[in-house]
Amino acid sequence: MAPLSAGVERWLRCREKRCCFDADIFVTGADVTRIARTISVPPWLFTVPVPCDAAADDAFVLAPAGPRYRLALGRTHFPGEDPHCAFLVRLPDGSTRCGLGELRPRTCRDWPLKGPTPLCTCDWSDIAGDDDSPVAEPVQRDVERDRYAGVVAGWNAYVEASGGEQLTHRDFCRHILGAYPAET
């Protein structure tokens, strides 16, 4: 395993993980299948379709000529707090941790690329905001992104040819599971 960047070490030590409250965590097919198969939970239970710009290469449709969506991890609430990533775990001492650990989506494993998010409560003063923190396996990341774009393009072509049938988020998740064979 490669050494952790200063930014990743800071995030791991952060008690609050406000970045997990701050943004949608978009996932790829590789992320979805890895998480679903490891924790034995169907992806439609932990992902949500988020409306997006049609130009995104991972934008999928659920109806011919319908709105476009991106797949993101679901969000939940701690009592009295803003929505956050469904996998964020509150520990008895009040600190938070990612419940996925090494299963985190690539977006999360690559965090932080360019410093804190607006709601971040960590002290980043000793870490350069433009620090080029090493991104885990950039070639592999690009391969995953390209493969997922192809899976989405195939799905979108299927939906467009479906004759107007309204499909669901669950149907899209099943398509993803079928597109990524189980590793043996």
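The values are calculated or read from the model by the stated rules, or taken from the named source; none is laboratory data. Computed from a predicted structure; not experimentally measured. Reconstructed Cβ throughout: ideal geometry from the backbone, glycine too, with neighbour counts over all protein chains shown.
Points to keep in mind about this one:
- Residue list for the stretch 28-61, filter: out of contact with any Lys or Arg (no Cβ under 8 Å at 6 or more places or on another chain) and surrounded by 19 or more Cβ atoms within 10 Å (Cβ to Cβ): Val32, Thr33, Arg34, Ile35, Ala36, Pro43, Phe46, Thr47
- Against the numbered list (1) more than 22 Å from Asp58 (Cα to Cα); (2) at pLDDT below 70, Trp111 comes up short only at (1).
- Of all residues in the stretch 43-71 being in a strand (DSSP E or B) and touching a Leu at 6+ places or on another chain (Cβ under 9 Å), the one that is nearest to Ala149 (Cα to Cα): Phe60
- When the stretch 50-68 is filtered for residues that are touching a Cys at 6+ places or on another chain (Cβ under 7 Å) and in contact (Cβ under 8 Å) with a residue 40 or more places away in the chain, only Ala59 remains.
- Residues of the stretch 152-184 satisfying the condition of being closer than 21 Å to Leu73 by Cα and of a type in the set (D, E, K, R): Arg170, Asp171, Arg174
- Candidate set: the stretch 72-86, residues that are in contact with a strand residue (DSSP E or B) (Cβ under 6 Å, 6 or more places away or on another chain) and not in a strand (DSSP E or B); chosen: the one modelled with the highest pLDDT: Gly74
- Candidate set: the stretch 151-184, residues that are over 23 Å from the mean Cα position of the chain (by Cα) and among the β-branched types (Val, Ile, Thr); chosen: the one surrounded by the most Cβ atoms within 10 Å (Cβ to Cβ): Val159
- Index of the failed condition, Arg141 passing every other in (1) modelled with pLDDT of 85 or more; (2) surrounded by 15 or more Cβ atoms within 10 Å (Cβ to Cβ): (1)
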